[in-house]
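Quick note: the coordinates plus some simple rules give every number you see, no bench work behind them. Just so you know, these numbers come straight off a predicted model, no measurement behind them. Here the Cβ positions follow ideal geometry from the backbone for every residue, glycine too, while neighbour counts run over all protein chains shown.
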Amino acid sequence: MIELKDITKVFRHKNRITTALSGVSLYVPKGKIVGVIGESGAGKSTLIRCVNLLERPSSGEIYVDGQNLTQMSESQLAKARRNIGMIFQHFNLLSSRTVFDNIAFPLELDKTPKSEIIIRVKELLKLVGLEEKANDYPSKLSGGQKQRVAIARTLASNPKVLLCDEATSALDPATTRSILSLLKEINKRLDITILLITHEMDVVKEICDEVAVISDGQLIEQGTVADIFSHP
Ligand code: ADP
Ligand code: ADP
């Protein structure tokens, strides 16, 4: 479903050159949850941002749902990106909009009729367990509730894949577990393929089918969770 082929990303900043990714190849099968784990500065964030071309790779190819994103025009890419949802550590909600209106936002951009928006947002509120919070503003919500809103908002566009960029790193352990179980439910019930990056071992152990370890811009190990963590 997601395939990265020999991705290299070099940043040129003033007169300094940083190779953030070097020859990274990664395959995320349809319906699976794959995690990439590594220390700070290893290249995780660059890697996940390359998948939807928020960051353009210096070389290599990116396929999502059989389409080569690296060869697309901007308008083709804008269309392809609708298949790719993304959630972040800091939620990125619109503070001036209610929970309902945050979730409705991508649908409004798509010019979905108002009556359909209402039905769809209600479904999504139910899915993430926030029906009671529809008219609250994000500032009134806990971190876990904010992440639920962000998840509902990204699901509004019916993505086939979901990218999770340290999605639980700002949350306490109990809230982390509840968000991870919601992600697992979304994966199973909606058949959404998930790629997540994290620096937390517990996160990958809890929900990933497969895991890759990144260090200094290179994938150094890849396998099932049991393979990777059963080493002496
Ligand atoms: P320093 O020399 O103190 O590292 P830099 O200005 O090069 O200062 O940037 C600080 C760090 O943040 C560096 O490791 C750099 O590679 C990284 N960095 C710079 N710009 C960005 C950015 N837009 N997004 C993420 N990281 C960045
Ligand atoms: P991680 O997410 O694993 O902490 P990153 O992908 O953020 O790692 O960073 C990998 C390397 O690339 C680091 O050396 C970082 O400083 C550098 N880097 C990331 N973004 C930029 C940028 N926009 N400009 C320059 N350097 C960057």
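The value for the stretch 1-133 of Rg(Cα) / (2.2 N^0.38 Å) is 1.26.
Out of all Cα-Cα pairs in the stretch 1-73, roughly what percent, to the nearest whole number, are more than 18 Å apart? Value for the stretch 1-73 (Cα pairs over 18 Å): 38 percent.
Per residue, the convex hull spanned by the Cα atoms of the stretch 56-187 amounts to 128 cubic angstrom. As a rough guide to protection, the peptides 178-184, 91-97 ranked by mean Cβ packing within 10 Å, highest first, stand as 178-184, 91-97. Computed with the Debye formula from one identical point scatterer per Cα of the stretch 193-232, without solvent, the log10 of I(q)/I(0) at q = 0.20 Å⁻¹ comes to -0.59. Centroid-to-centroid, using Cα positions, the stretch 106-133 and the stretch 173-193 are 19 Å apart. Considering the chain at the alpha-carbon level, its Rg and Dmax are found to be 17.8, 57 Å. Mean separation of Cα pairs under 8 Å and 6 or more residues apart, divided by the residue count, gives the chain a relative contact order of 30 percent. By the helix-only formula, in which each DSSP H run with n ≥ 4 contributes -39500 (n - 2.57) and the sum is divided by residues, the chain has a 222 nm mean residue ellipticity of -10500 deg cm²/dmol. Under a 5 Å amide H cut-off, with hydrogens placed 1.01 Å from N, M86 pairs with L163 among residues at least 5 apart or on other chains.
The mean sequence distance of close C-alpha pairs (under 8 Å, at least 6 residues apart), as a share of the length of the stretch 1-77, puts its relative contact order at 37 percent. Of the GluC sites (Glu not before Pro) found in the stretch 176-232, the ones in coil according to DSSP and having at most 15 other Cβ atoms within 10 Å of their Cβ are E200.
Less than 5 angstrom separates the built amide H of S59 from those of T8, all sequence-distant by 5 or more or on a different chain.
Charge dipole (Cα centre; +1 on Lys/Arg Cβ, -1 on Asp/Glu Cβ; no other charges) of the stretch 83-147 amounts to roughly 60 debye.
Taking one quarter of the surface of the C-alpha convex hull of the stretch 6-46 gives a mean projected area of 3.5 nm².
As a length-normalised measure over Cα pairs under 8 Å and 6 or more apart, the relative contact order of the stretch 117-232 settles at 19 percent.
Note on the stretch 145-222: Kirkwood hydrodynamic radius from all Cα pairs is 13.3 Å, rounded to one decimal.
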